[in-house]
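Each value in this text was obtained by applying a stated rule to the coordinates, not by laboratory testing. Given the structure is predicted, the values throughout are model-derived calculations rather than measurements. Here the Cβ positions follow ideal geometry from the backbone for every residue, glycine too, while neighbour counts run over all protein chains shown.
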Amino acid sequence: MTLRDAARLLETQEYPTTADDIKTTHGDFELDLPNGTETLGDIIDRAGDDTFDDATAAQHALMGAVGGEAIGRRNYSDRDPTPMGVDGPTQVSF
């Protein structure tokens, strides 16, 4: 399941709800991340919130608590130039 699928899954939960309720109903779902997998329950554990008023709050907690496995190449962006005065990463040509 992707992060987007997990966010949609959280829309099916009845709100307000607790982190424990989400873990009970959806915690075993495994997210496929670029650098590994992780269960929805493990991510919600790290969110730090005990209750969620609506799906948006739960989705924001999910996106904020997902681990580094969800990042493709760390510190990489082909869109943002390195700001002046900052030593950026060494350029790599493929």
Quiz item: With a 10 Å Cβ neighbour count serving as the proxy for reagent exposure, in which order, fewest first, do Met84, Met63 appear?
Solution: Met84, Met63
Quiz prompt | Built amide H within the under 5 Å cut-off of Asp32, gap 5+ | solution = Thr2
Quiz item: Given H placed 1.01 Å from N in the peptide plane, which residues other than close sequence neighbours of Thr51 have an amide H under 5 Å from its amide H?
Solution: Ala19
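Given the C-alpha atoms of region 3-68, compute the convex hull and give its volume per residue in Å³. Let's see the in-between values first.
Details: hull volume 4.4 nm³, N = 66.
With only Cα atoms used, region 3-68 gives 67 Å³ per residue.
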